[in-house]
Amino acid sequence: MNREIIMTALFNTLTAPPLVFAFTADTTTGSAELANVSDATGLMVGMPVAGDGVPAEAVIATLTPTVTLSLPADADRTATPLLQGFQTTSRRLRDAAAEQDMPALYLVELNELHPYRGSAAPLLVELNTEAWIYTKVGAEENATPAAMLNTLIDCIERALYPPSDHAGGRRQNLGLHGVQYCRIEGEVQKDPGHSAQLAMAVIPIKIAVAQHIDTYAYP
């Protein structure tokens with residue numbers, strides 16, 4: 001087993017489109033339409049977007065017939081770099097109160113469970129991790145505190161539960177030999193931030209790995 005390869009693969013899975021997706025587009029002051037979008041394949045309705053010319057708290061509103069935002073652009077820009085999803089990602093947990101680029105995702109490694117080896121059956125070690133999410137609630141009085149939090153949790157769930165036509169089936173193995181499964185397991189803790197402007201969630205992720213099998217990416 002190679003723990004670092006496993007954790008790197010999990011982090012890459014949690015920071016792949018649509019959770020993190022960079023693209024460019026043209027913005028026009030007062031218009032919600034994004035023109036000349038460089039790549040829309042990773043865009044998802046409801047996901048937050050940030051960048052020059054895009055107002056704070058804007059999300060993708062539509063994908064067809066044109067890509068539009070929930071709020072009109074506040075500046076004219078040509079081929080401006082934009083980022084959908086998590087603006088900050090790291091494997092090192094940081095102080096949410098000091099974090100400026102939201103939403104943020106942190107992958108935190110926790111304990112390991114090694115069962116008793118009393119038989120010839122393959123030994124499965126459980127690696128426990130947590131995905132910590134921080135996002136701003138928004139200053140609008142009518143904003144729903146948990147709305148953006150729910151969208152981001154949905155995306156993480158989607159990343160860890162592939163569609164039925166996925167090459168590895170519905171079981172997420174992170175594309176690694178020796179990984180039996182990687183899934184959300186346990187209580188998802190949520191603080192929508194009703195009394196503040198910061199919402200957070202902690203998502204428990206369990207990985208089962210065969211201890212004495214080499215860890216490597218499938219071709």
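Taken together, the values in this text are just the output of simple stated rules run on the coordinates, not laboratory data. All values derive from a computational prediction rather than experimental measurement. FYI the Cβ positions are ideal-geometry reconstructions off the backbone, even for glycines, and counts take in every protein chain you see.
Observations on the model:
- Since only 208, 8, 147 are under comparison, the one whose Cα sits farthest along the positive direction of the charge dipole of the chain, derived from C-beta charges on Lys, Arg, Asp and Glu, is 208.
- Net lengthening on full extension, residue 22/residue 64 (0.36 nm per residue, minus Cα-Cα): 13.2 nm
- Here the stretch 20-85 is treated as an ellipsoid with the same Cα gyration tensor; its semi-axes, largest first and in whole Å, are 15, 12, 11.
- Here the spin labels are modelled as points 7 Å beyond Cα on the Cα-Cβ line, and at residue 96 and residue 189 they lie 1.0 nm apart.
- Pair residue 216, residue 88: separation of 7 Å Cα→Cβ label points (nm): 3.9 nm
- Between the listed residues 114, 161, 198, the Cα displaced farthest toward the positive end of the dipole of the chain, a dipole computed from Cβ unit charges relative to the Cα centre, is found at 114.
- Scattering curve values for the chain, log₁₀ I(q)/I(0), Debye with Cα scatterers, q = 0.07 Å⁻¹: -0.26
- Result for the chain in a Gaussian network model with C-alpha springs under 10 Å: among 123, 105, 19, the largest mean-square fluctuation is at 123.
- Between helix 147-160 and the chain: long-axis angle, C-alpha atoms, 0 to 90°, nearest 10: 40 degrees
- Inter-label distance for residue 4 and residue 113, nm, one decimal - labels placed 7 Å from Cα along Cα-to-Cβ: 2.7 nm
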